[in-house]
Amino acid sequence: MNNTNKVALITGANKGLGLETARQLSKLGIHCIVSARDEQKLNSVRNQFEKEKIDADYFKLDVTKDKDIGDLKKFIADKYGKLDILINNAGVSLEKAPSYQVNTAKDVSIATLKEVYETNFFGCVLLTQTLLPLLEKSNAARIVNLSSELGSISLQADCNSNVYDLKKFAYNSSKTLLNQFTVHLAQYLKDSKMKINSVSPGWVKTDMGSQYAPLEVADGAKIIVTAATLPDDGPNGQFFTHGMKQILW
Ligand SMILES: NC(=O)c1ccc[n+]([C@@H]2O[C@H](COP(=O)([O-])OP(=O)(O)OC[C@H]3O[C@@H](n4cnc5c(N)ncnc54)[C@H](OP(=O)(O)O)[C@@H]3O)[C@@H](O)[C@H]2O)c1
């Protein structure tokens, strides 16, 4: 499908990887619905994108709020009647990077687990399920779940992996759950033209990734854009990073 006919929704797009993904998709001619949970932050993006001559829609969306999700579905259905790309980018980490052993399996509270899962897992699941009928109206929709190597059980269990000592149980397990969602929905989609994948952007210099991260935001976002614009023979139900390098689940 021609990019100019495509509509993409990006969650948590007021800063970091979400904002940059919206910028890069827009530059490919894809019409973006930029969403953020805070109206003021959303307006700042609007002002910024207007200066950059990027035409987009702006929608207030807290992925933990059922009403926001319902309102967004109506907005997309009324205005476009379909959705071509869903980027499940919104995410929280209650541990500030670089932190290695915070909210660990030994001591994390159930309240903390629920708080992180609320955004990183439940919000993503409900939003995706709600928008599925609109994605199914697209010729070949793409869903991208923002995961992390920290969510890989294989790497977490491997004492030789470089993430072995990064045991942030709340965040890491939320991404493991998200990966399961990718695999499960991919099985449902296997006979359709739609695709869902988990991607890891690497360790990126954002508020979450911190100033110590090696990757610039513009570089980190590239794999998200790649997964959002996969050709028909691209992967479905996979977990990959830059260069389409597979990550063990
Ligand atoms: N940076 C990295 O190194 C890295 C590595 C692997 C994976 N990731 C993943 O990449 C995604 C983006 O991360 P980032 O590094 O760009 O982090 P970031 O700069 O902290 O941005 C996170 C975004 O998510 C939004 N958000 C949080 N809770 C939300 C909610 N309930 N509803 C809607 N939006 C919400 C934030 O909004 P507010 O501004 O209102 O808080 C913000 O826009 C996350 O899923 C993260 O787990 C990042």
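Just the residues that are near the ligand (Cβ under 10 Å from one of its atoms), more than 19 Å from C124 (Cβ to Cβ) and of a type in the set (K, R), please, taken from the stretch 19-73.
Across the stretch 19-73, the qualifying residue is only K41.
For the structure I just gave you, tell me whether D84 is more than 16 Å from the ligand (Cβ to nearest atom) and at pLDDT 95 or above. Spell out how you get there, then give the answer.
Numbers: more than 16 Å from the ligand (Cβ to nearest atom): yes; at pLDDT 95 or above: yes.
Yes; evaluated as a whole, the condition is true for this residue.
Mind checking which residues of the stretch 1-18 are away from the ligand (no atom under 13 Å from the Cβ) and part of a helix (DSSP H, G or I)?
Here is the first cut: in the stretch 1-18, the ones away from the ligand (no atom under 13 Å from the Cβ) are 1-8.
N3, T4, N5 - these are the residues of the stretch 1-18 that are away from the ligand (no atom under 13 Å from the Cβ) and part of a helix (DSSP H, G or I).
How many residues does the stretch 156-180 hold that are aliphatic (A, V, I, L, M) and in a loop (DSSP other than H, G, I, E, B)?
At the first step, the residues of the stretch 156-180 found to be aliphatic (A, V, I, L, M) are 157, 163, 166, 170, 177-178.
Of the ones still in play, those that are also in a loop (DSSP other than H, G, I, E, B) are 163, 166.
Going through the stretch 156-180 one residue at a time, the tally reaches 2.
Per-residue answers, yes or no, for (1) free of Cβ contacts under 8 Å to residues at least 12 places away in the same chain; (2) surrounded by fewer than 18 Cβ atoms within 10 Å (Cβ to Cβ); (3) not in a loop (DSSP other than H, G, I, E, B):
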| residue | (1), (2), (3) |
| --- | --- |
| T182 | no, no, yes |
| P201 | no, no, no |
| T206 | no, no, no |
| G209 | no, no, no |
| A218 | no, yes, yes |
| A227 | no, no, yes |
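Give the residue, chosen from D62, D38, D57, that is out of contact with any strand residue (DSSP E or B) (no Cβ under 6 Å at 6 or more places or on another chain) and surrounded by fewer than 18 Cβ atoms within 10 Å (Cβ to Cβ). I'd like the intermediate steps shown before the answer.
Numbers: D62 fails: surrounded by fewer than 18 Cβ atoms within 10 Å (Cβ to Cβ); D57 fails: out of contact with any strand residue (DSSP E or B) (no Cβ under 6 Å at 6 or more places or on another chain).
Selected residue: D38, the only one of D62, D38, D57 that is out of contact with any strand residue (DSSP E or B) (no Cβ under 6 Å at 6 or more places or on another chain) and surrounded by fewer than 18 Cβ atoms within 10 Å (Cβ to Cβ).
Residue-wise test of (1) more than 14 Å from the ligand (Cβ to nearest atom); (2) basic (K, R); (3) under 28 Å from L72 (Cα atoms); (4) touching a helix residue (DSSP H, G or I) at 6+ places or on another chain (Cβ under 9 Å).
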residue: L127; (1), (2), (3), (4): no, no, yes, yes
residue: L135; (1), (2), (3), (4): yes, no, yes, yes
residue: A141; (1), (2), (3), (4): yes, no, yes, yes
residue: L150; (1), (2), (3), (4): no, no, no, yes
residue: I153; (1), (2), (3), (4): yes, no, no, yes
residue: N160; (1), (2), (3), (4): yes, no, no, no
residue: V163; (1), (2), (3), (4): no, no, no, yes
residue: K168; (1), (2), (3), (4): no, yes, no, yes
residue: L177; (1), (2), (3), (4): no, no, yes, yes
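Being closer than 16 Å to L178 by Cα and surrounded by fewer than 21 Cβ atoms within 10 Å (Cβ to Cβ) is the filter here, so list the residues in the stretch 229-249 that pass it.
Restricting attention to the stretch 229-249, the residues satisfying the condition of being closer than 16 Å to L178 by Cα are 236-241, 247-249.
Within the stretch 229-249, N236, G237, Q238, F240, T241, I247, L248, W249 meet the criteria.
The values are calculated or read from the model by the stated rules, or taken from the named source; none is laboratory data. Quick caveat, the model's predicted, so the values are computed rather than measured. Counting neighbours? That spans all protein chains shown, and the Cβs are built from the backbone with ideal geometry, glycine included.
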